[in-house]
Structures are given as structure tokens and as C-alpha cells.
């Protein structure tokens, strides 16, 4: 595991050693090729599944935190225009965070755009869930900010 962490951090020597071991082991131990292939495949699948699950949880928490901030905006005794401006600012913060996360973790532009769309979808679901139980005043603000959200990458 430490070797993988070193490789991901840019340690070229550790990455070269892992690559050499990958090439040499099948030649030295031909009977291990099939079990090692299965083990490597299982490890990669587990890693990708856990990454996707963790990402979904993080995106969900970000969306729910944003909706909570929007609901707190409504409870403040401010004018309708001020509530809408504060709500728009909160959504802009969400967009900036979602774009930054998508850019950071996306493999390429298409993957980053897909990740951003997942953020937007989670946010829309969180808003719809909050609207179902909301007062008319809260429902109005949630509807307004849902329209303001920019879905384009």
C-alpha cells in the first residue's frame, strides 16, 4: 500500500520497481500469472467501487449542506430580494466547489463534465426533497435557486 501511495505522489523509483516486478514475476513464476491477474483485477475493481461510493457520499453531503444553508437564508427575516441574492450567492459557492472538485478528480474534460453533472443532479434531488416539506416562502426560494443553477460545464 505504501508503494501505491508513493507512486501516486510521484515517486518514480517506486513506480519503476512496481512496473519491473509486474514484468519479471510472470517470467520467473509462470504458475502465478493467472492467480495474480485475478487478484490484480479484483483489487482494481474494489478500488474503483470504493472511490465511486465515497464520491457519491461527498457529493450528497455537499448538496445537503447547500440546501441547509439556503433554508437558513429563508429563516432570516430579510426582504425577498435579499433572500434571493443570498440564495444565489450560496448556489454560486456550490457551483464553484462542484466545478473545482470535478476538475480536480476528473480524468479528462469529459469525465470532469460528467462529475459536475452528478453534483448538479444531487443538488436538484436535495432541493426537490426540501421543497416537498417546505413552507411556501422556503419553496419559493428553493424554486428560484434551482432555476439559477448553471448546469453547463
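The values are calculated or read from the model by the stated rules, or taken from the named source; none is laboratory data. In this text the structure is predicted, and so the values were computed from the model without any measurement. Glycine also receives a Cβ, built like all others from the backbone with ideal geometry; neighbour counts cover every protein chain displayed.
Do the conditions hold for residue 147, that is, is it closer than 14 Å to residue 55 by Cα and free of Cβ contacts under 8 Å to residues at least 40 places away in the same chain?
No; evaluated as a whole, the condition is false for this residue.
Taking the criterion of being in a helix (DSSP H, G or I), touching a residue at least 12 places away in the same chain (Cβ under 8 Å), under 24 Å from the mean Cα position of the chain (by Cα) and surrounded by fewer than 18 Cβ atoms within 10 Å (Cβ to Cβ), would at least one residue in region 74-86 satisfy it?
There is no residue in region 74-86 that is in a helix (DSSP H, G or I), touching a residue at least 12 places away in the same chain (Cβ under 8 Å), under 24 Å from the mean Cα position of the chain (by Cα) and surrounded by fewer than 18 Cβ atoms within 10 Å (Cβ to Cβ).
Would you tally the residues in region 126-147 being closer than 14 Å to residue 65 by Cα and buried (at least 16 other Cβ atoms within 10 Å of the Cβ)?
4
Looking at 101, 139, 125, 118, can you tell me which residue is modelled with pLDDT under 90 and either in a helix (DSSP H, G or I) or closer than 18 Å to residue 63 by Cβ (or both)?
Values: 101 fails: modelled with pLDDT under 90; 125 fails: modelled with pLDDT under 90; 118 fails: modelled with pLDDT under 90.
Only one candidate qualifies: 139.
Tell me, please, whether a residue that is in contact (Cβ under 8 Å) with a residue 12 or more places away in the chain and over 19 Å from the mean Cα position of the chain (by Cα) can be found in region 87-107. First the steps, then the outcome.
Taking region 87-107 as the starting set, the residues that turn out to be in contact (Cβ under 8 Å) with a residue 12 or more places away in the chain are 87-88, 90-91, 93-95, 97-99, 101-102, 105.
Narrowing further to those that are over 19 Å from the mean Cα position of the chain (by Cα): 87-88.
Yes - at least one qualifying residue is present in region 87-107.
For residues that are under 24 Å from the mean Cα position of the chain (by Cα) and either in contact (Cβ under 8 Å) with a residue 60 or more places away in the chain or not in a helix (DSSP H, G or I) (or both), scanning just region 64-73, find the one that is nearest to residue 127 (Cα to Cα).
Selected residue: 67.
Which of the residues belonging to region 34-51 are under 23 Å from the mean Cα position of the chain (by Cα) and surrounded by 11 or more Cβ atoms within 10 Å (Cβ to Cβ)?
The answer is 43, 47, 51.
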